[in-house]
Amino acid sequence: MSSDAVPPPVRLGDYLPPDWLVDTVHLDVRLHPTASRIVATLAMRPNPAGREGSPIVLDGDELSLKSLTLDGEPLDGTAYVVTPAALTLLAPPQRALTLEIETVVDPSANTKLMGLYRSSSTYCTQCEAEGFRRITFFPDRPDVLAVYTTRIEAERAEAPVLLGNGNPVESGAVEGTSRHYAVWHDPWPKPCYLFALVGGKLDRITEEFVTATGKRVELGIYVELGKTERAGYAMDALKRSMRWDEEVFGCEYDLDVFNIVAVADFNMGAMENKGLNIFNDKYVLASPQTATDADYANIEAIIAHEYFHNWTGNRITCRDWFQLCLKEGLTVFRDQEFSADARSRPVKRISDVRLLKGHQFPEDAGPLAHPVRPSSYREINNFYTATVYEKGAEVVRMLKTLLGEEGFRAGMDLYLDRHDGDAATVEDFLACFANANGVDLAQFALWYAQSGTPQVTVSGSWDEAARSYRLDIAQTLPPTPGQSEKLPMVIPLAVGLVGPDGQDMTLTPDDGSNAARGVLLITEPRQSFVFRDVPHRPVPSLNRGFSAPVKLSSDMSTADLLFLARHDSDPFNRFDAAQTIALGHLVEATAAARAGTAMPAPDALVAALGATLDDGALDPAFVAQALSIPSETDVAREIGEDVDPDAIHGARTRLRRAVSDALAPALHAAYVRHAPSGAYCPDAASAGRRALRNTCLDLLAAGGTPEGIARAQVHFEAADNMTDRFFALSVLAHAAPQAREAALAAFHERFHEDPLVVDKWLALQAQIAEPQALERVRGLTSHPAFAWSNPNRVRALIGSFAGLNPTQFHRVDGAGHQLVAGAVMDIDGRNPQLAARLLAAFKSWRSLEPVRRASAEAALRRVAEKPDLSPDVTDIVSRSLG
Ligand code: ARG
Ligand code: ZN
């Protein structure tokens with residue numbers, strides 16, 4: 001990495017409007033496996049808001065330019081310059097003009113999976129963030145909006161299905177040839193990152209949706225031949241999403257057709273191209289035999305997410321890529337709310353917060369920390385992160401908490417109305433909520449600008465004589481890369497005071513503030529809140545529903561936490577109280593493991609879990625969450641520095657065994673009570689019963705008794721669906737080395753022809769916390785089912801090893817780090833986005849104990865020194881080491 005080769009970062013502060021606008025785009029695409037020809041006709045004009053007399057600069061990437069005309073006239077070679085990154089017209093006439101640009105690309109050689117590529121044999125595209133420039137020369141920035149017409153032509157035998165954005169206009173045979181064509185027109189102006197086309201041999205299912213105002217929309221889901229029966233759940237989720245968006249946000253669909261195409265090779269989850277969403281097939285295809293309950297839930301959420309982008313993302317897009325959270329954070333918030341309405345709201349909240357703490361908190365605490373709206377980037381693809389998506393959603397959720405249901409809806413209505421058709425900014429978004437509610441959100445806006453997780457410290461005191469209760473609250477925000485000084489944040493802290501009878505007390509704030517609603521508004525480094533008429537010592541329930549994405553510490557005793565775990569009316573905090581007890585125990589037990597001293601007894605946790613298990617009034621899905629012991633990564637995050645993954649693993653294994661021993665009868669009873677009745681159904685209630693039953697199976701097996709293992713074996717063999725079968729397989733793989741190989745082999749034998757199921761098999765083996773895991777992973781890279789070219793396979797095997805097997809990834813001999821670093825270097829030449837994402841698994845390396853920290857650093861340095869690294873990997877490795 002020589003410094004002069006590194007281009008300067010892009011900075012938010014340098015934003016300038018485009019000098020030239022594009023009103024219409026006509027694309028004529030002739031598909032060919034290795035030489036697809038694209039003729040782009042661009043109607044352009046100078047932007048009145050741009051710089052006068054500017055050249056026309058069009059982005060390009062790995063394009064071969066075949067011809068170029070201006071208003072029909074070929075251009076003189078001195079009139080333009082072509083470099084690998086741009087086509088520049090040096091002195092164009094300063095008026096409306098038409099450019100016709102012919103390029104040729106090789107979709108079969110496109111291993112980056114950006115631009116036009118082939119997945120299996122299907123032609124497809126991915127343009128977000130900067131892939132359109134790999135199809136034709138274009139101002140590839142989200143604030144250039146144009147109306148697109150696309151003619152797609154291909155061999156009929158090779159690509160009988162031809163799809164584009166918008167509505168179908170015409171199609172037919174190309175006279176005298178074996179080729180055919182289709183023309184699509186999208187009336188809604190859009191940035192080029194929302195462009196898409198598909199050509200291939202695909203099967204489809206179709207249904208009709210009638211919108212709130214009675215418009216008929218034809219819905220289509222296209223899948224590989226023979227897989228239509230696995231698309232039904234996605235179709236159902238789509239129709240429910242469309243209805244929900246009308247009912248909850250007043251957003252109606254705006255084209256005659258809505259198509260979804262599932263492809264096997266895809267860098268991300270899915271893409272919201274206008275009227276033509278393209279999905280990683282793992283988030284479309286499901287059947288009881290091949291998909292788990294978690295897969296069904298993910299499909300529902302991602303179908304909804306991409307559909308919801310039609311308004312929050314497409315109708316209103318982003319001015320520049322710094323505003324990515326404007327569409328992503330908001331749309332994640334919307335899909336979370338949809339799933340909460342479709343399933344159990346508390347359980348959805350718990351799983352969303354677990355995801356946030358598991359992925360975003362570590363990001364915020366490490367070298368890759370960045371604000372929800374970054375202010376500079378070197379590679380935008382590296383900013384599709386948990387911070388932009390998940391923390392971005394939390395920020396929107398806080399807005400709703402602050403403004404209330406109606407105030408939030410008023411702000412959203414104003415936003416959807418005022419900015420329809422715009423490329424907007426975070427400021428535009430916040431101004432709508434400020435205007436609609438007559439409030440000032442200037443300090444709140446710091447959530448978009450300051451990185452790091454706020455630390456909130458709370459201590460409570462009850463004044464018996466005055467019958468009052470005081471909460472003293474302090475907030476700090478730790479320094480993060482590029483941000484040493486921080487300002488205090490606006491933190492809406494939902495609280496309750498739980499009385500000795502387990503009931504919520506009435507909140508009577510001393511100052512008559514909005515604390516009566518149960519939300520404390522924290523805006524200063526230190527604040528105190530006093531409540532009157534508190535006749536008994538209450539137990540405070542803090543940050544209810546996880547109202548703010550902060551790390552909270554309090555002086556609460558274990559007894560108080562135990563009380564909340566049993567009585568809190570807020571289900572999230574009821575869950576969280578038990579988690580806090582468990583984490584506290586695991587931190588202590590890890591320290592004991594390292595010091596070689598005796599492990600503490602987990603009596604409080606056992607009591608809390610036992611009470612939850614015995615409470616027949618609770619939703620089984622909730623109980624399953626409450627029974628889950630914090631992960632090794634959760635414990636590492638809680639410890640924060642000098643982390644020894646082996647000690648954590650040891651402590652956690654012993655805790656699980658102790659819980660198993662102490663609660664065996666209750667676990668067994670719950671296991672029996674939740675036995676399946678009737679055929680598999682993916683709905684939330686049945687999934688919740690399975691989740692609880694499987695959690696019991698797992699904890700029972702964690703005791704290591706022959707009965708526990710035998711039960712898992714029976715469960716595995718008797719399963720009639722993938723959820724139960726795969727769960728039992730995981731239990732056997734982790735807890736029963738003697739039964740593991742046979743079970744893995746049986747599973748493989750049954751499903752080896754199904755790549756998405758093989759991914760589960762690969763991922764499971766990569767997570768086994770034993771020294772042989774490394775050799776196993778290495779061996780599996782030569783397995784016929786594995787392919788370095790497929791992102792799902794790579795993420796299943798290498799991604800799971802790096803992300804979900806802390807003891808083996810962080811092996812003390814450094815071999816785990818070297819394995820992942822080696823994979824990153826191998827993949828980088830082919831697919832930089834995938835390589836960069838894998839490398840981000842090192843994000844918490846500085847918190848490791850010294851020996852492992854040195855090994856991680858050595859692996860990162862080895863990557864950094866490799867010549868010809870992609871900008872993607874260069875960016876991650878230099879920030880990681882920075
Ligand atoms: N906008 C897509 C989503 O729904 C993500 C696309 C990201 N693609 C990429 N190459 N960075 O979240
Ligand atoms: Zn999105």
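Within the option set Gly799, Gly779, being under 19 Å from Ala859 (Cβ atoms) and among the small types (Gly, Ala, Ser) holds for one residue only, Gly799. Close contacts from the stretch 796-808, counting a first residue that is assigned to a helix (DSSP H, G or I) and a second that is aromatic (Phe, Trp, Tyr), with Cβ to Cβ under 9 Å and a gap of 6+ residues or different chains, come to Ala796/Trp761; Ala796/Phe786; Leu797/Phe786; Phe801/Phe809; Ala802/Phe809; Ala802/Phe842; Gly803/Phe809; Gln808/Phe801. Tallying residues that are crowded, with 22+ Cβ neighbours inside 10 Å and either closer than 22 Å to Ile876 by Cβ or at pLDDT below 95 (or both) within the stretch 327-355 yields 2.
Within the stretch 853-872, is even one residue within 16 Å of ligand 1 (Cβ to nearest atom), surrounded by 22 or more Cβ atoms within 10 Å (Cβ to Cβ), within 25 Å of the chain's Cα centre (by Cα) and modelled with pLDDT of 95 or more? Spell out how you get there, then give the answer.
Going through the stretch 853-872, the residues within 16 Å of ligand 1 (Cβ to nearest atom) turn out to be 870-872.
Those still in the list that are surrounded by 22 or more Cβ atoms within 10 Å (Cβ to Cβ) too: 872.
From what is left, the residues that are within 25 Å of the chain's Cα centre (by Cα) are 872.
Adding the requirement that they be modelled with pLDDT of 95 or more leaves 872.
Yes, that holds for at least one residue.
One residue alone among Arg345, Arg334 is under 27 Å from Ile629 (Cβ atoms) and either basic (Lys, Arg) or within 16 Å of ligand 1 (Cβ to nearest atom) (or both), and that residue is Arg345. Sub-7 Å Cβ pairs linking a first residue in the stretch 378-399 that is under 22 Å from Pro454 (Cα atoms) and at pLDDT 95 or above to a second residue that is within 15 Å of ligand 2 (Cβ to nearest atom) and of a type in the set (S, T, N, Q), at least 6 apart or interchain, are Ala393/Gln336, ordered by first then second residue.
Residues Thr290, Thr312: which one is away from ligand 1 (no atom under 15 Å from the Cβ) and either in the same structural domain as Phe716 (by the TED database) or out of contact with any strand residue (DSSP E or B) (no Cβ under 6 Å at 6 or more places or on another chain) (or both)? Reasoning before the result, please.
Values: Thr312 fails: away from ligand 1 (no atom under 15 Å from the Cβ).
Going through Thr290, Thr312 in turn, just one is away from ligand 1 (no atom under 15 Å from the Cβ) and either in the same structural domain as Phe716 (by the TED database) or out of contact with any strand residue (DSSP E or B) (no Cβ under 6 Å at 6 or more places or on another chain) (or both): Thr290.
The criterion of being under 28 Å from the mean Cα position of the chain (by Cα), within 16 Å of ligand 1 (Cβ to nearest atom), surrounded by 17 or more Cβ atoms within 10 Å (Cβ to Cβ) and within 22 Å of Lys357 (Cβ to Cβ) does not hold for Thr401. Do we have Ala43 as of a type in the set (Gly, Ala, Ser) and buried (at least 16 other Cβ atoms within 10 Å of the Cβ) here? Taking the combined requirement at face value, the residue satisfies it.
Restricting Phe266, Phe279, Phe308 to residues that are within 16 Å of ligand 2 (Cβ to nearest atom), farther than 30 Å from Tyr415 by Cα and in contact (Cβ under 8 Å) with a residue 24 or more places away in the chain narrows the list to Phe266. Here the condition is being in a strand (DSSP E or B), of a type in the set (A, V, I, L, M, F, W, C) and touching a Phe, Trp or Tyr at 6+ places or on another chain (Cβ under 7 Å); of Leu493, Leu471, Leu507, it holds for Leu471 alone.
Taking Leu655 as the residue in question, decide whether it is buried (at least 22 other Cβ atoms within 10 Å of the Cβ), over 17 Å from Thr612 (Cα atoms) and not small (Gly, Ala, Ser).
On the way: buried (at least 22 other Cβ atoms within 10 Å of the Cβ): yes; over 17 Å from Thr612 (Cα atoms): yes; not small (Gly, Ala, Ser): yes.
Yes.
Scanning the stretch 283-305 for residues that are polar (S, T, N, Q) and not in a loop (DSSP other than H, G, I, E, B) yields a count of 1. Test Glu252 against the stated conditions and say whether it is farther than 21 Å from Asn167 by Cα, touching a residue at least 12 places away in the same chain (Cβ under 8 Å) and more than 13 Å from ligand 1 (Cβ to nearest atom). Here the answer is no, as Glu252 does not meet what is asked.
Return the total of residues in the stretch 314-332 being of a type in the set (Val, Ile, Thr) and more than 9 Å from ligand 2 (Cβ to nearest atom).
The first filter runs over the stretch 314-332 and keeps only residues of a type in the set (Val, Ile, Thr), leaving 316-317, 331-332.
Of the ones still in play, those that are also more than 9 Å from ligand 2 (Cβ to nearest atom) are 316-317.
Of the residues in that region, 2 qualify.
Could you grab me the full set of residues in the stretch 150-180 that are part of a strand (DSSP E or B), in contact (Cβ under 8 Å) with a residue 24 or more places away in the chain and within 18 Å of Val257 (Cα to Cα)? Thr150, Arg151, Ile152, Val161, Leu162, Leu163, Gly164, Asn167, Pro168 - these are the residues of the stretch 150-180 that are part of a strand (DSSP E or B), in contact (Cβ under 8 Å) with a residue 24 or more places away in the chain and within 18 Å of Val257 (Cα to Cα). Go through the residues of the stretch 759-780 one by one and say whether even a single one is over 18 Å from Arg811 (Cβ atoms) and not in a helix (DSSP H, G or I). So far as the stretch 759-780 goes, no, none of its residues is over 18 Å from Arg811 (Cβ atoms) and not in a helix (DSSP H, G or I).
Candidates in the stretch 541-578 are the residues that are among the acidic types (Asp, Glu) and in contact with a Lys or Arg (Cβ under 7 Å, 6 or more places away or on another chain); of these, the one that is surrounded by the most Cβ atoms within 10 Å (Cβ to Cβ) is Asp570.
So that you can scan it fast, the table gives a plain yes or no per residue for (1) touching a Pro at 6+ places or on another chain (Cβ under 9 Å); (2) in contact (Cβ under 8 Å) with a residue 24 or more places away in the chain; (3) not small (Gly, Ala, Ser):
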{"residue": "Leu655", "(1), (2), (3)": "yes, yes, yes"}
{"residue": "Ala662", "(1), (2), (3)": "yes, yes, no"}
{"residue": "Arg690", "(1), (2), (3)": "yes, yes, yes"}
{"residue": "Ala710", "(1), (2), (3)": "no, no, no"}
{"residue": "Val731", "(1), (2), (3)": "no, yes, yes"}
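Could you list all residues from the stretch 421-440 that are within 17 Å of Cys325 (Cα to Cα) and of a type outside the set (Ser, Thr, Tyr)? Of everything in the stretch 421-440, those that are within 17 Å of Cys325 (Cα to Cα) and of a type outside the set (Ser, Thr, Tyr) turn out to be Asp422, Ala423, Ala424, Val426, Glu427, Asp428, Phe429, Leu430, Ala431, Cys432, Phe433. Kindly indicate whether Val257 is more than 16 Å from ligand 2 (Cβ to nearest atom), surrounded by fewer than 20 Cβ atoms within 10 Å (Cβ to Cβ) and over 23 Å from Leu31 (Cβ atoms). In short, no.
Kindly evaluate Ser459 against the criterion of being surrounded by fewer than 20 Cβ atoms within 10 Å (Cβ to Cβ) and among the polar types (S, T, N, Q).
Working: surrounded by fewer than 20 Cβ atoms within 10 Å (Cβ to Cβ): yes; among the polar types (S, T, N, Q): yes.
Against the criterion (surrounded by fewer than 20 Cβ atoms within 10 Å (Cβ to Cβ) and among the polar types (S, T, N, Q)), Ser459 qualifies.
Checked against the criteria, Leu238 does not count as touching a residue at least 24 places away in the same chain (Cβ under 8 Å) and either part of a loop (DSSP other than H, G, I, E, B) or within 19 Å of Asn831 (Cα to Cα) (or both). In the stretch 5-95, counting only strands (runs of 3 or more DSSP E) that sit wholly within it, the ones holding 1 or more residues that are closer than 23 Å to Ala154 by Cα span 20-30, 36-46, 64-70.
Scoring Ile827 on the criteria (1) part of a helix (DSSP H, G or I); (2) out of contact with any helix residue (DSSP H, G or I) (no Cβ under 9 Å at 6 or more places or on another chain); (3) closer than 30 Å to Val263 by Cα leaves a single failure, condition (2). Among the residues of the stretch 542-568, write down those that are within 27 Å of Asp364 (Cα to Cα), at pLDDT 95 or above and assigned to a loop (DSSP other than H, G, I, E, B). Listed by number, the residues that qualify are Asn543, Ser547, Ala548, Pro549, Val550, Met556. Scan the stretch 712-728 and tell me whether some residue there is part of a helix (DSSP H, G or I), within 29 Å of Asp265 (Cα to Cα) and among the aromatic types (Phe, Trp, Tyr). Yes, some residue in the stretch 712-728 is part of a helix (DSSP H, G or I), within 29 Å of Asp265 (Cα to Cα) and among the aromatic types (Phe, Trp, Tyr).
The values are calculated or read from the model by the stated rules, or taken from the named source; none is laboratory data. Just so it is clear, the structure is predicted and the values come from calculations on it, not from any experiment. Because the Cβ atoms are built from the backbone with ideal geometry, glycine has one as well, and the counts that use them run over all protein chains shown.
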